[in-house]
Amino acid sequence: MISVNTRSGLNQFAKAVTQTAGGQRVVTSFPSLKRDWSERDEMLPALVPAFANNLKLHKFSLSSSKKVFNLNAHLFNNKSQSIGGIGVSHQYRLAHTDITIPDFSSYRRTSNKNVNQNSDESSDDRRAFTYLITAGAGVGGAVAAKGAVHNIVNMLAPARDCLALSKVEVNIGNIPEGKNVTVKWRGKPVFIRRRTAKEIATERAVNIGELRDPETDEKRSPTGEWLIVIGICTHLGCVPIPHKGDFGGYYCPCHGSHYDASGRIRKGPAPLNLEVPDFEMNGDVVVIG
């Protein structure tokens, strides 16, 4: 690149244009320069005829009135101009052809390298890849979370020997009719009662609409003969007394709650019936838990 930048001044301007043009002829039309050359042209033949004749062959011609010298016809293929004037900056630049334009093709997707193709045409493929990566990350995260939760649950769960004690087997074949047996299960008292036919008929004839906590006797005692309930009062956690109270079932001496022979609350402050635990009947053996 050739770049010339000068401030106003006739000598500097002429020198800059001459160097830029590679020694080509420079045409100017400044009046003072024309006048000086005209005076010298008139005086020199009288003083030194031979020198004047020789000078006419080599000096710059000032006969033209052009203000702009066009270098296009001499040096360059594109339009190039050098313009000068009093109090005007002079600058001449050529385009750089040795600078490499940055190429980011290695960072672009293959589907987007064609400048004549609309990027919307390949957007579905790009989005499908993004969705696939997102789905894979989601599945991987779910599997990792499942493993973490499983490990935490196993760590917090009770030991196997404790789980073995969570179930209690009781032989009920030797319990006489109308009697109640108390066993311990998970640190709680459990009442096992073998009811008489009269008690069964009485409890199943009760109108559940009159109960505070409505529940049928068939649901609480599927066999009818055996009633199994947790012996903890639903009021404040006291242990009721079997075969006591106004209804012949259970009575809590702490605050006077009365339960019938099906363990349902009939009188007193207790809000709910006695809880029935999970159990299985295997002949004369009942498994609680």
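Check whether at least one residue in region 182-205 is touching a helix residue (DSSP H, G or I) at 6+ places or on another chain (Cβ under 7 Å) and either charged (D, E, K, R) or at pLDDT 85 or above (or both), and report yes or no.
Looking only at region 182-205, we keep the residues that are touching a helix residue (DSSP H, G or I) at 6+ places or on another chain (Cβ under 7 Å), and these are 203-204.
Keeping just the survivors that are either charged (D, E, K, R) or at pLDDT 85 or above (or both) gives 203-204.
The answer is yes; a qualifying residue exists.
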Residue pairs qualifying under the 7 Å Cβ cut-off, at least six apart or on distinct chains, with the first in region 208-220 being more than 20 Å from Lys198 (Cβ to Cβ) and the second being of a type in the set (A, V, I, L, M), are Arg212/Ile265; Asp213/Ile265; Asp213/Leu272; Pro214/Ile208; Glu215/Ile208
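Kindly indicate whether any position in region 77-100 is assigned to a helix (DSSP H, G or I), acidic (Asp, Glu) and at pLDDT below 80. Break it down into steps so the answer makes sense when it comes.
Going through region 77-100, the residues assigned to a helix (DSSP H, G or I) turn out to be none.
Scanning region 77-100, I find no residue that is assigned to a helix (DSSP H, G or I), acidic (Asp, Glu) and at pLDDT below 80, so the answer is no.
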Which of the following residues is out of contact with any helix residue (DSSP H, G or I) (no Cβ under 6 Å at 6 or more places or on another chain) and on the phi > 0 side of the Ramachandran plot: Gly147, Gly178? Gly178
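So is Val276 surrounded by fewer than 22 Cβ atoms within 10 Å (Cβ to Cβ), in contact (Cβ under 8 Å) with a residue 40 or more places away in the chain and either among the basic types (Lys, Arg) or more than 19 Å from Val170 (Cα to Cα) (or both) or not? Full working, then the answer.
Values: surrounded by fewer than 22 Cβ atoms within 10 Å (Cβ to Cβ): yes; in contact (Cβ under 8 Å) with a residue 40 or more places away in the chain: yes; either among the basic types (Lys, Arg) or more than 19 Å from Val170 (Cα to Cα) (or both): no.
Here the answer is no, as Val276 does not meet what is asked.
Return the total of residues in region 167-214 being part of a helix (DSSP H, G or I) and loosely packed, with under 13 Cβ neighbours inside 10 Å.
As a first pass, look at region 167-214 and keep what is part of a helix (DSSP H, G or I): 197-204, 208-210.
Subsequent filtering for residues that are loosely packed, with under 13 Cβ neighbours inside 10 Å retains 197-198, 201, 208-210.
Total meeting the criteria: 6.
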Output the residues belonging to region 266-289 that are assigned to a strand (DSSP E or B) and in contact with a strand residue (DSSP E or B) (Cβ under 6 Å, 6 or more places away or on another chain). Arg266, Lys267, Phe279, Glu280, Val285, Val286, Val287, Ile288
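Return the total of residues in region 216-258 being part of a loop (DSSP other than H, G, I, E, B), touching a Cys at 6+ places or on another chain (Cβ under 8 Å) and surrounded by fewer than 20 Cβ atoms within 10 Å (Cβ to Cβ).
Of region 216-258, the ones part of a loop (DSSP other than H, G, I, E, B) are 216, 221-225, 231-240, 243-249, 253-256.
Going one step further and asking which of them are touching a Cys at 6+ places or on another chain (Cβ under 8 Å), we end up with 232-233, 235-236, 238-240, 253-255.
Within this subset, residues satisfying the condition of being surrounded by fewer than 20 Cβ atoms within 10 Å (Cβ to Cβ) are 232, 235-236, 238-239, 253-255.
The qualifying residues number 8.
The values are calculated or read from the model by the stated rules, or taken from the named source; none is laboratory data. Bear in mind the structure is a predicted one, so any value in this text is a computation, not a measurement. Heads up, the Cβs are rebuilt from the backbone with ideal geometry, glycines too, and the neighbour counts pull from every protein chain shown.
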